[in-house]
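The values are calculated or read from the model by the stated rules, or taken from the named source; none is laboratory data. Remember, predicted model here, so these are calculated numbers, not experimental data. Here the Cβ positions follow ideal geometry from the backbone for every residue, glycine too, while neighbour counts run over all protein chains shown. When the accessible area is computed, the model is the full protein with side chains, heavy atoms only, and any ligands, DNA or RNA have been set aside. Shrake-Rupley method; radii C 1.70, N 1.55, O 1.52, S 1.80 Å.
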Amino acid sequence: MRNVGELPESADVVVVGGGVIGLAVARELARGGAEVLLVERGEAGAESSWAAAGMLAPQVEADAADEFFRLAAASRDAYPDFARELEEESGVSVELDQTGTLYLAFDEADEAECARRFRWQTRAGLPVERLTAHEVRALEPRVSARVRSALRFPLDGQVENRLLVAALVKACARRGVRVVTRTEVGAIKVEAGRATGVETARGTTRASSVVVACGAWSSRLRLDVSSAHGGGGDDKTQTRPRIEPVRGQMLCFAPAASSPQSPFVRHVVYSPRGYLVPRRDGRLLAGTTTEHAGFDKSLTDAGRARVLTHAREIAPDVDALVLSDAWAGLRPRGTDAWPVLGALSDVPNLFYATGHYRNGILLAPLTGALVAAMILQRGATSPLLEAFTPERFRRASSCAV
Ligand code: GLY
């Protein structure tokens, strides 16, 4: 991606935020012929996109066959083409893995949860397999002997999210997206009901459309609304989408010294409390915590202990591995935990592509394609996006009063 020293005076679209979502939207916009400027407060893809584990697991993450599930499943199904195109454009393989995921049960409550999942997913016509303890351990010998049963979701999988960032950055560069890193956007300027550009510490850029794609930082952006009487502010802040950071701590184990080539597990393996993700290079990731700690990305002793306990429950042999790394990231969570995708009715050229919470990597292909299409087609929206409109917060707030 081209790194520019100065902000251009104008662009067709300014994308605020350079994580996988901002990059995916920028790439699609540039593919559609738009002149795109992406502005990132730090380095591209260095926050939650980097901290994620890369699971593509709608059949684990969704709780019902609802609009969120439909979006997530469609995005998972878009991954093979997305990964192939990105590899062609960037030369970077994103290590798409479609081995499937396992969801383990260790007690009665877990078994009830598996039964509930099996019911709604089979009713929805989804492929899901019920495994006995014996079958689980035949597939994954390192899973604990305490396992009672499991579900296998054969269409779920994973991608190497840090390679995904690298591929998107290169693909954006190839498509002519301009990027300014280490530059914080303080405000989006709005005049006469239209977004007119962004204000940064390094200057102002005019734009025909603006996209808010800065994840956990989205609610820090101000709308600088000029009224006929002058002055700047936004009198509707109560009804704008609110995005808050939710910390997740992760552990990473080095490949086993005795057998560095053979994966610790082949599937992504979940329990209702934690997960293990095997990387192609032999590393094993273990996650995670769900903490409301503001913008604090510190690791804590309690967090590490919790992740390790849940990893051991899945596979006690993790104790034989060497911990090689640990990190924390900030998931962007909207008030109702669903993504925020689409335009504001009172500022129809200001688009949101944020609030992806636990599923930013999974939702990147479809968010990129659908939000870019909405912008390029001047507001025409896909039925898949209707439930995620930023307008839902306005409706909820008017019902509450
Ligand atoms: N998608 C998994 C997580 O947020 O931990």
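Checked against the criterion of being in contact with a Phe, Trp or Tyr (Cβ under 6 Å, 6 or more places away or on another chain) and over 19 Å from residue 95 (Cα atoms), the candidates 278, 272, 245 yield just one match: 245. Give the residue that is least open to solvent (accessible area, probe 1.4 Å), with candidates limited to residues of the range 78-105 that are assigned to a helix (DSSP H, G or I) and among the charged types (D, E, K, R). Out of the qualifying residues, it is 89.
If you go through the range 145-167 and keep only what is outside any strand (DSSP E or B), open to solvent by less than 10 Å² (accessible area, probe 1.4 Å) and small (Gly, Ala, Ser), you end up with just 167.
Consider residue 9 carefully, then state whether it is under 30 Å from residue 198 (Cβ atoms), out of contact with any Pro (no Cβ under 9 Å at 6 or more places or on another chain) and open to solvent by 50 Å² or more (accessible area, probe 1.4 Å). Talk me through it step by step, then tell me what you get.
On the way: under 30 Å from residue 198 (Cβ atoms): yes; out of contact with any Pro (no Cβ under 9 Å at 6 or more places or on another chain): yes; open to solvent by 50 Å² or more (accessible area, probe 1.4 Å): yes.
Yes: the conditions hold for residue 9.
Looking for something more than 30 Å from residue 201 (Cα to Cα) and within 16 Å of the ligand (Cβ to nearest atom) - is there at least one such residue anywhere in the range 79-90? Yes: one or more hits.
Looking only at the range 307-334, count how many residues are open to solvent by 60 Å² or more (accessible area, probe 1.4 Å) and small (Gly, Ala, Ser). Qualifying residue count for the region: 2.
Scoring residue 109 on the criteria (1) modelled with pLDDT under 95; (2) over 16 Å from the mean Cα position of the chain (by Cα); (3) within 30 Å of residue 130 (Cα to Cα) leaves a single failure, condition (1). In the range 317-332, the residues that are under 25 Å from residue 143 (Cβ atoms) reach residues that are β-branched (Val, Ile, Thr) with C-beta atoms within less than 9 angstrom, at least six apart or across chains, in these pairs: 326/307. Among the residues of the range 259-285, those identified as in contact (Cβ under 8 Å) with a residue 60 or more places away in the chain and within 14 Å of the ligand (Cβ to nearest atom) are 268, 269, 270, 271, 272, 275, 277, 285.
Residues of the range 29-66 that are of a type in the set (D, E, K, R), crowded, with 24+ Cβ neighbours inside 10 Å and more than 16 Å from the ligand (Cβ to nearest atom): 40 alone.
So which strands (runs of 3 or more DSSP E) are wholly in the range 286-395 and hold at least 3 residues that are within 16 Å of the ligand (Cβ to nearest atom)?
Because the criterion is at least 3 residues that are within 16 Å of the ligand (Cβ to nearest atom), the strands (runs of 3 or more DSSP E) in the range 286-395 that meet it are 323-334.
Within the range 220-241, does at least one residue satisfy the condition of being within 16 Å of the ligand (Cβ to nearest atom) and open to solvent by less than 60 Å² (accessible area, probe 1.4 Å)? Among the residues of the range 220-241, not one is within 16 Å of the ligand (Cβ to nearest atom) and open to solvent by less than 60 Å² (accessible area, probe 1.4 Å), which makes the answer no.
Considering (1) more than 21 Å from the chain's Cα centre (by Cα); (2) closer than 27 Å to residue 368 by Cα; (3) surrounded by fewer than 20 Cβ atoms within 10 Å (Cβ to Cβ), the lone condition that residue 197 does not fulfil carries the number (3). Could you say whether any residue in the range 67-77 is buried (at least 24 other Cβ atoms within 10 Å of the Cβ), at pLDDT 95 or above and outside any helix (DSSP H, G or I)? No, the range 67-77 contains no residue that is buried (at least 24 other Cβ atoms within 10 Å of the Cβ), at pLDDT 95 or above and outside any helix (DSSP H, G or I). Applying the condition of being among the hydrophobic types (A, V, I, L, M, F, W, C) and open to solvent by less than 10 Å² (accessible area, probe 1.4 Å) to the range 335-348 and asking which residue is modelled with the lowest pLDDT yields 344.
For residue 136, the stated conditions do not hold, so it cannot be described as out of contact with any Pro (no Cβ under 8 Å at 6 or more places or on another chain) and under 30 Å from residue 9 (Cα atoms).
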